[in-house]
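Asks: Sharing a structure, written as structure tokens. Questions coming.
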Amino acid sequence: MKISNSTILITGGSSGIGKETAKQFVKKGAKVLITGRNEVKLNNVANKIGAIPLLFDISQLDSISLLTEKAILLLGGRIDVLVNNAGIGLFPKLGEITKEDLQDVYSTNVFGLALLTQEVVKTFKNQNYGNIINIGSSASLKGFVGGTIYAASKFALRGMTQSWQAELRKFNIRVSLVNPSEVATAFAAANREEREEVSNKLGPKEIADSIVSVVEMRNKGFVPEINIWATNPF
């Protein structure tokens, strides 16, 4: 897809992977809308990188339909790419898990993501064209200690991605899953502050580079899934 003059919606775009991805798309000439839950932070980032801000918490399921419609209108009534980046992580071990933990993670990582995508796909089908990039995780492939909730949410996302690939291919809609290993970003639900990059972990740039490359592939092909690992993880 040619990125110049395209329209792109990125959830969770005020920090980390979302922010860097938005920055790269804007530099390539796209009109980019980013969502976030912290209005001050969201507006500051949008102004800095040249994106459109929209206060939008996808865990608030009842507002998804209205705000998705608003996002598409702000993009000019069409949309070429949806990047489902917003996500949170909680990591209690079995025996420590609460109902609230499950609800918090699934409301964003699974329920909100699915309902938002469903709304965007209405426009994609009308256009007979679109791109969905789901940001998974190496936890989409293998569980880990403390990963009951988070890994399960990413396994669910992988299953949804594969189902959407089967459902949407006939509408010329490309659906890809991007699985980073550990990235130094403002990720943990308890602390959304930006983290300094470290030598043995991926940074947002590696993931953003991968997302852009997947989108830039000619429309006759698509990448179903891509896994990104740090070269020297120890």
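No lab work stands behind these numbers, since they all come straight from the coordinates. All values derive from a computational prediction rather than experimental measurement. Quick reminder, even Gly has a Cβ in these numbers, built from the backbone with ideal geometry, and neighbours come from all protein chains shown.
Asks: Classify the stretch 7-228 as rounded, prolate or oblate from the Cα gyration tensor: take a ≥ b ≥ c as the square roots of its eigenvalues, call it rounded if a/c is under 1.5, otherwise prolate when a/b beats b/c and oblate if not.
Replies: rounded
Asks: While we're looking at this one, here's another question. Just to confirm my numbers, what's the Cα centroid distance between the stretch 118-154 and the stretch 37-94 in Å?
Replies: 15 Å
Asks: Local charge sum around PHE56 (other residues, Cβ-Cβ under 12 Å, Lys/Arg +1, Asp/Glu -1)?
Replies: -2
Asks: On full extension of the chain, what length is gained from GLN60 through ASN38, given 0.36 nm per residue of separation minus the C-alpha to C-alpha distance?
Replies: Values: separation 22, 0.36 × 22 = 7.92 nm, distance 1.40 nm.
Length difference between fully extended and current span is 6.5 nm.
Asks: Related question: Dipole magnitude of the stretch 7-228 about its Cα centre, charges +1 at Lys/Arg Cβ and -1 at Asp/Glu Cβ only, in debye to the nearest 20?
Replies: In total the dipole reaches around 760 debye.
Asks: Now for a different question. May I ask for the angle, rounded to the nearest 10°, between helix 64-74 and the longest principal axis of the chain, with both axes built from Cα atoms and the value confined to 0 to 90°?
Replies: 50 degrees
Asks: Return the loop-located trypsin sites (Lys or Arg not before Pro) in the stretch 124-184 (DSSP other than H, G, I, E, B) with at most 15 other Cβ atoms within 10 Å of their own Cβ; answer none if there are none.
Replies: Details: sites: LYS125, LYS142, LYS154, ARG158, ARG169, LYS170, ARG174; in loops: LYS142.
For trypsin sites (Lys or Arg not before Pro) across the stretch 124-184 that sit outside H, G, I, E and B with at most 15 neighbouring Cβ atoms in 10 Å, the list reads LYS142.
Asks: Let me ask another. ³J(HN,Hα) across the stretch 77-88 via Karplus (A = 6.51, B = -1.76, C = 1.60, θ = phi - 60°), whole Hz, x for Gly/Pro?
Replies: Per residue, the Karplus-derived 3J(HN,Hα) values read x, 9, 8, 9, 9, 10, 10, 7, 9, 4, x, 10 Hz.
Asks: Once you've got the Cα coordinates, tell me which of LYS31/LYS125; LYS31/LYS154; LYS19/LYS201; LYS70/LYS99 are over 25 Å apart.
Replies: LYS31/LYS154; LYS70/LYS99
Asks: What distance in nm separates the simple spin-label points at LYS93 and LYS70, each placed 7 Å from Cα in the Cβ direction?
Replies: With each label placed 7 Å out from Cα toward Cβ, I get 4.3 nm.
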